[in-house]
Amino acid sequence: MTELRGGGVAVQLPSGWEGEIFDRTPTLGNRSLGGPAGDTEVARNVIHLANFALPNQRGDFGSGAVELMNSGAVMVILFEHGPESVDTPLFARSGIPVLTADEFHPQQMQRTLQGQSGRQIFFNHNGRAFCLYVVLGSHRQRQVLVDVVNQVLANVEIEPA
Amino acid sequence: MTALVIVLTFVVLGLCVLVAGLLRSHAEMLRAFNELGVTFGEDGVAHTSTTLPDPTRRSVPHAADRVTEGTGDGDIHAITGMTPDGGSISVAFAGRVERTMLAFLTSGCTTCKNFWDAFRAGAALPRGVDRLVIVTRSGDEESPAALTNLRPSQHTVIMASEAWDDYGVPVSPYFVLVDAAAGRVVGEGAATTWTQVGSLLGRADADSELENERRIDAELEAAGIAPDDPSLYPGDS
């Protein structure tokens, strides 16, 4: 396995998987969402994991990459929200989720793509708030692909805030 | 007058010795450059040797090519490192089908500038190459700030010295073609321009196809099947 580590997150990538951690730990220089300092949401770390070749130009939620996915492809995205989100109801679920095939639905995609399926879950772990967004290349093969996703998620470690 | 002639004679002799020494030194330098894989064309411009002759097999080590010959094991290795932005990144090949060109570049070498410029200008990938990944040395040997200015937006840049060791990269710029479906490195070498890399790959692909045709012909011939054998043309009556 290959280890990917950054932004207080470590992932053991299975063979054939690749990924990138965009370390956006708040600094004076990367309050990227605009607005007056202090009352705006701060963009935190974004983690992209995939079992296909990720293009260099892609959006936080996989735009530019999901269009390239074939039926066996999987993309896992962890988008971290700021510490102010941890105690909000949206992130009430605790711990890195384990997914089931029934949870996936084509309508859960950020942008519907034919044949694909998605799942979005908000959770908190070790005092940090995350949105987990998973895209499967084939809704029909979700039973098989969700196992692959869970194997990867089981190898994600999130350090305390 | 006689004294003047004698002095001039010694001056001329001295100059002859000096010129002979310079010529010998020049010849030694040319020989040394040649051994390093650098030749000088008619335009007087230095050209590094290219060793991307055949993407279907790794080049055979040769003493004269030792500097531009990769010392990798021919296996594919995942590449993990940092981006110039400070992010972590890993690129994998196992279990895939793509052909990836790894471009080993530095921010400082003059020849590498040709490639950075070409990539930023959107130079097309050679036929049969699905993606380009630029690999530089890690942050302790390379300037992230310089790379931020050089990197092309459409290609991945990884700072990973370990990958240079894994793939046995001897010089920069250096190119390694990874065939994920074959599970191995299928071509590698040095070049001075991206156009040159593309034409070498095209030529190598054509050579490979020709070699494949010859192999098939030889196997058919060994089986007693001539080019005009009717069994090769089942539709003809």
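Annotations for the structure displayed:
- The range B:188-202, residues that are assigned to a loop (DSSP other than H, G, I, E, B) and closer than 19 Å to B:Gly74 by Cβ: B:Ala190
- Of the strands (runs of 3 or more DSSP E) contained entirely in the range A:81-161, those carrying at least 2 residues that are in contact with a Lys or Arg (Cβ under 9 Å, 6 or more places away or on another chain) and surrounded by 19 or more Cβ atoms within 10 Å (Cβ to Cβ) fall at A:117-125, A:128-136.
- Within the range B:81-103, residues that are under 12 Å from A:Glu18 (Cα atoms) and more than 7 Å from every other protein chain (Cβ to nearest Cβ) have Cβ atoms under 6 Å from residues that are β-branched (Val, Ile, Thr) and outside any loop (DSSP other than H, G, I, E, B) in these pairs: B:Gly81/B:Ile158; B:Phe93/B:Val178, counting only partners at least 6 apart in sequence or on another chain.
- Leading residue by the ranking (surrounded by the fewest Cβ atoms within 10 Å (Cβ to Cβ)) among those in the range B:72-96 that are out of contact with any strand residue (DSSP E or B) (no Cβ under 8 Å at 6 or more places or on another chain) and either within 14 Å of B:Ala182 (Cβ to Cβ) or of a type in the set (Asp, Glu) (or both): B:Asp73
- Residue satisfying condition, being modelled with pLDDT of 95 or more and out of contact with any helix residue (DSSP H, G or I) (no Cβ under 8 Å at 6 or more places or on another chain), within set B:Ala103, B:Ala181, B:Ala190, B:Ala160: B:Ala160
- Condition check for B:Ser199: free of Cβ contacts under 8 Å to residues at least 24 places away in the same chain and under 18 Å from the mean Cα position of the chain (by Cα): yes
- On inspection, A:Gly29 qualifies as within 14 Å of chain B (Cβ to nearest Cβ) and at pLDDT below 90.
- Residue match in the range B:97-109 (condition: crowded, with 21+ Cβ neighbours inside 10 Å, in contact with a Leu (Cβ under 9 Å, 6 or more places away or on another chain), hydroxyl-bearing (Ser, Thr, Tyr) and under 23 Å from A:Leu13 (Cβ atoms)): yes
- Each residue in the range B:134-165 was checked for being outside any helix (DSSP H, G or I) and among the polar types (S, T, N, Q), and 6 pass.
- Test: residue in the range B:135-147 that is out of contact with any Pro (no Cβ under 9 Å at 6 or more places or on another chain), of a type in the set (A, V, I, L, M, F, W, C) and closer than 27 Å to A:Ser71 by Cβ: no
- Odd one out for B:Ala146 among (1) buried (at least 16 other Cβ atoms within 10 Å of the Cβ); (2) touching a Ser or Thr at 6+ places or on another chain (Cβ under 7 Å): (1)
- Test: residue in the range B:112-120 that is within 12 Å of chain A (Cβ to nearest Cβ) and modelled with pLDDT of 50 or more: yes
- If the condition is being over 14 Å from the mean Cα position of the chain (by Cα), over 12 Å from B:Pro152 (Cβ atoms), β-branched (Val, Ile, Thr) and not in a loop (DSSP other than H, G, I, E, B), then the range B:94-133 contributes B:Thr100, B:Thr110.
The values are calculated or read from the model by the stated rules, or taken from the named source; none is laboratory data. Note that the structure is a prediction, hence the values are computed from the model and not measured. Positions of Cβ are generated from backbone atoms using ideal geometry, with glycine treated the same way; all protein chains shown enter the neighbour counts.
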